[in-house]
């Protein structure tokens, strides 16, 4: 069982996934910093403070903080939009490689072309 586990861990897919998770965590920190330190203050200049955390309704002893939920939705939408813009910018900066041409001729067509070329050489 230990040998199987070692083989599983050594596979390329697991390592790729680990690298993806680490890079994703670092990217999340960058995006959160961008939103918290640049985007939210910029929005605050134009539309004032966006804070619904005080909105609460109570049923008996239970307190439902729906304002915090609204704040989370707004932050998610801002972060999603910023990530969309970043990905769009990265896609523009990365040059697309031209795809190699694929030979779609059938073997019959190639043979016929060879025959035609040989007949032209005889003339």
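For the condition more than 17 Å from residue 86 (Cβ to Cβ), modelled with pLDDT of 75 or more and in contact with a helix residue (DSSP H, G or I) (Cβ under 9 Å, 6 or more places away or on another chain), residue 19 does not qualify.
With respect to the conditions (1) closer than 17 Å to residue 81 by Cα; (2) touching a strand residue (DSSP E or B) at 6+ places or on another chain (Cβ under 8 Å), residue 58 lacks only one, and its number is (1). Considering (1) free of Cβ contacts under 8 Å to residues at least 24 places away in the same chain; (2) farther than 23 Å from residue 25 by Cβ; (3) out of contact with any strand residue (DSSP E or B) (no Cβ under 6 Å at 6 or more places or on another chain), the lone condition that residue 90 does not fulfil carries the number (2).
The values are calculated or read from the model by the stated rules, or taken from the named source; none is laboratory data. Quick caveat, the model's predicted, so the values are computed rather than measured. Virtual Cβ from ideal backbone geometry, glycine too; neighbours counted across all protein chains shown.
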